[in-house]
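Student: What follows is a structure written as structure tokens; I'll ask about it next.
The values are calculated or read from the model by the stated rules, or taken from the named source; none is laboratory data. All values derive from a computational prediction rather than experimental measurement. Cβ sites come from the backbone with ideal geometry, for glycine too, and all protein chains shown count toward neighbours.
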Amino acid sequence: MNPVLEAMQTYPFVRLDDAKAAARARGLDLVDFGMGDPIEPTPEFIQRALADALPLTAGYPRAPGLPDLRDAIAGWLARRFGAEVDPEGELIPTYGSKEAIFLFPLVACGAEKDVVVIPEPAYPVYERGARFAGVEPRFVPLCEANGWLPDLDAIDDETWERCAIFWVNYPHNPTGAVAPLSFFEELAERARAHGFQLASDEAYTELWFDAPPRSAVQLDDRRNVVVFQTLSKRSSMTGYRSGFVCAEPDLIDALRSFRPNTGTAPQEFVQRASVAAWNDEVHVAETRDGYARKRALLAPLFALAEGSSAATFYLWLRVPTGESSEAFATRLLDHGVVVAPGSYFGPSGEGYARLALVPSLEECERAASILREVL
């Protein structure tokens with residue numbers, strides 16, 4: 001067995017699944033805010049587009065993807081962010097974004113560039129992809145006082161010189177914080193100066209409450225900038241596995257050479273359904289409205305961390321003083337409400353918990369009644 005796999009702790013959410021199973025075995029009816037897996041049905045017009053494409057599908061899907069899909073993505077980037085992207089040279093479809101994120105260090109790292117910088121608390125896949133690629137993950141703490149942005153000036157010169165990938169994720173999982181365009185500009189300047197890739201995971205840009213978040217694709221100079229996007233959250237298409245990478249032509253060429261080895265191009269019928277999804281905004285606005293109703297119901301019950309929960313479908317909560325994040329989550333679980341301990345996302349997540357607004361509105365109402373008694 002791969003020693004990296006043997007050395008790894010159990011994926012944190014597997015532990016959470018085990019705790020939920022034990023609670024259900026005790027007869028508890030759970031409202032599960034622990035996992036960020038939307039339950040909203042994929043809109044019917046997307047389902048129809050997939051079904052209509054089945055007779056057209058033949059052969060293995062090719063890494064570059066369908067031209068219609070790349071054109072739809074480029075059109076969406078232009079409408080949403082005002083970004084001019086070459087659909088032929090700067091885009092490649094992916095099997096969702098998780099696999100693309102996990103595999104990216106195999107493409108972007110080398111003998112001298114062997115460090116992946118990961119601000120934490122963080123999505124665990126950034127670290128896992130680095131470790132399986134045989135490179136070193138280095139963690140940069142995020143804190144509430146800095147609006148959950150990394151302190152770039154606190155990073156030492158040796159890390160900058162060895163850095164191959166600097167992951168950022170705004171809107172941020174787990175905190176829901178957003179980043180200004182000036183942050184992307186400063187980090188992109190450092191990426192060009194030190195020769196690393198600013199890798200921006202933007203899975204949540206379309207789920208926001210007050211103002212649409214910014215994107216690294218909006219930078220005037222996108223050299224050394226790689227954007228990862230997905231339809232999983234935007235269009236409730238987690239099961240479809242459809243996303244894309246946007247980057248400079250040289251890097252897209254490298255991905256087109258690499259990705260056939262892994263066999264992770266989306267199926268053609270999924271690509272055609274994705275064209276329909278990227279071309280429509282009505283269903284996205286409806287999805288945002290649904291999450292906003294849930295947020296309005298639950299957010300007032302908690303002490304939300306400063307600078308958090310402005311976007312995504314997550315609430316980032318302060319746990320009561322003197323109680324660990326895991327103890328807090330266990331206490332709520334004993335009352336039938338599942339949240340994720342902040343410590344699952346890294347040491348800087350201790351003292352917080354994450355609540356994913358994915359249950360139905362009715363379930364959220366039931367949870368609110370429980371929480372009013374428990375908190």
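Student: What number of residues in segment 265-283 are surrounded by fewer than 18 Cβ atoms within 10 Å (Cβ to Cβ) and either of a type in the set (Val, Ile, Thr) or over 15 Å from MET237 (Cα atoms) (or both)?
Tutor: Qualifying residue count, segment 265-283: 1.
Student: Sort out which residues of segment 172-230 are in contact with a Lys or Arg (Cβ under 6 Å, 6 or more places away or on another chain), over 13 Å from THR312 (Cα atoms) and small (Gly, Ala, Ser), and write them in order of number.
Tutor: Within segment 172-230, no residue meets the criteria.
Student: Let me ask another. Among the listed residues ALA179, ALA188, which satisfies the condition of being in contact with a Phe, Trp or Tyr (Cβ under 8 Å, 6 or more places away or on another chain), of a type in the set (Gly, Ala, Ser) and outside the structural domain of ALA296 (by TED's automatic domain parsing)? It would help to see each step written out before you state the result.
Tutor: Numbers: ALA188 fails: in contact with a Phe, Trp or Tyr (Cβ under 8 Å, 6 or more places away or on another chain).
None of the other options fit; the residue is ALA179.
Student: Just one of PHE132, PHE102, PHE166 is surrounded by 23 or more Cβ atoms within 10 Å (Cβ to Cβ), at negative phi and in contact with a Phe, Trp or Tyr (Cβ under 8 Å, 6 or more places away or on another chain); which is it?
Tutor: PHE166
Student: Any residue at all in segment 363-371 that is part of a loop (DSSP other than H, G, I, E, B) and either more than 24 Å from ALA203 (Cβ to Cβ) or at pLDDT 95 or above (or both)?
Tutor: No, there is no match, as no residue in segment 363-371 is part of a loop (DSSP other than H, G, I, E, B) and either more than 24 Å from ALA203 (Cβ to Cβ) or at pLDDT 95 or above (or both).
Student: Right, another one. Please go through (1) buried (at least 23 other Cβ atoms within 10 Å of the Cβ); (2) modelled with pLDDT under 95 for PRO124 and return the number of the only condition it doesn't satisfy.
Tutor: (1) is the only condition that PRO124 fails.
Student: Give me the residue from segment 241-276 that is free of Cβ contacts under 8 Å to residues at least 24 places away in the same chain and among the polar types (S, T, N, Q) and, out of that set, farthest from PRO61 (Cα to Cα).
Tutor: Of everything passing the filter in segment 241-276, SER257 is farthest from PRO61 (Cα to Cα).
Student: Same structure, new question: If you scan segment 1-57, which residues turn out to be charged (D, E, K, R), under 29 Å from GLN271 (Cβ atoms) and at pLDDT below 95?
Tutor: Result: ASP37, GLU40.
Student: Any idea which of SER215, SER274 is assigned by TED's automatic domain parsing to the domain that holds ARG80, modelled with pLDDT of 95 or more and farther than 19 Å from PHE104 by Cβ?
Tutor: Just a single option satisfies the conditions, and that option is SER274.
Student: Can you find even one residue in segment 292-300 that is in contact with a Ser or Thr (Cβ under 9 Å, 6 or more places away or on another chain) and either within 21 Å of SER215 (Cβ to Cβ) or among the β-branched types (Val, Ile, Thr) (or both)?
Tutor: For segment 292-300, residues in contact with a Ser or Thr (Cβ under 9 Å, 6 or more places away or on another chain) and either within 21 Å of SER215 (Cβ to Cβ) or among the β-branched types (Val, Ile, Thr) (or both): absent.
Student: If we scan segment 37-46, do we find a residue that is within 30 Å of TYR344 (Cα to Cα), among the hydroxyl-bearing types (Ser, Thr, Tyr) and in contact (Cβ under 8 Å) with a residue 24 or more places away in the chain?
Tutor: Of the residues in segment 37-46, the ones within 30 Å of TYR344 (Cα to Cα) are 37-42.
Next, only the ones that are among the hydroxyl-bearing types (Ser, Thr, Tyr) stay: 42.
Next, from what is left, pick out any that are in contact (Cβ under 8 Å) with a residue 24 or more places away in the chain: 42.
Yes; the residues of segment 37-46 include at least one that is within 30 Å of TYR344 (Cα to Cα), among the hydroxyl-bearing types (Ser, Thr, Tyr) and in contact (Cβ under 8 Å) with a residue 24 or more places away in the chain.
Student: Follow-up. Is at least one residue of segment 352-373 under 22 Å from ASN173 (Cα atoms) and without any contact (Cβ under 8 Å) to a residue 40 or more places away in the chain?
Tutor: Looking for residues that are under 22 Å from ASN173 (Cα atoms) and without any contact (Cβ under 8 Å) to a residue 40 or more places away in the chain, one finds at least one in segment 352-373, hence yes.
Student: Then there's this: Would you mind stating whether ALA78 is within 18 Å of SER215 (Cα to Cα), at pLDDT 95 or above and in a helix (DSSP H, G or I)?
Tutor: yes
Student: Quick check on PHE139: is it in a helix (DSSP H, G or I) and among the aromatic types (Phe, Trp, Tyr)? If you could, list the steps in order and put the result at the bottom.
Tutor: Numbers: in a helix (DSSP H, G or I): no; among the aromatic types (Phe, Trp, Tyr): yes.
Spelling it out, it is not the case that PHE139 is in a helix (DSSP H, G or I) and among the aromatic types (Phe, Trp, Tyr).
Student: Picking from VAL85, VAL116, which residue would you name as being part of a loop (DSSP other than H, G, I, E, B) and within 28 Å of GLY65 (Cβ to Cβ)? Give the steps one after another, and end with the answer.
Tutor: Values: VAL116 fails: part of a loop (DSSP other than H, G, I, E, B).
Answer to the selection: VAL85.
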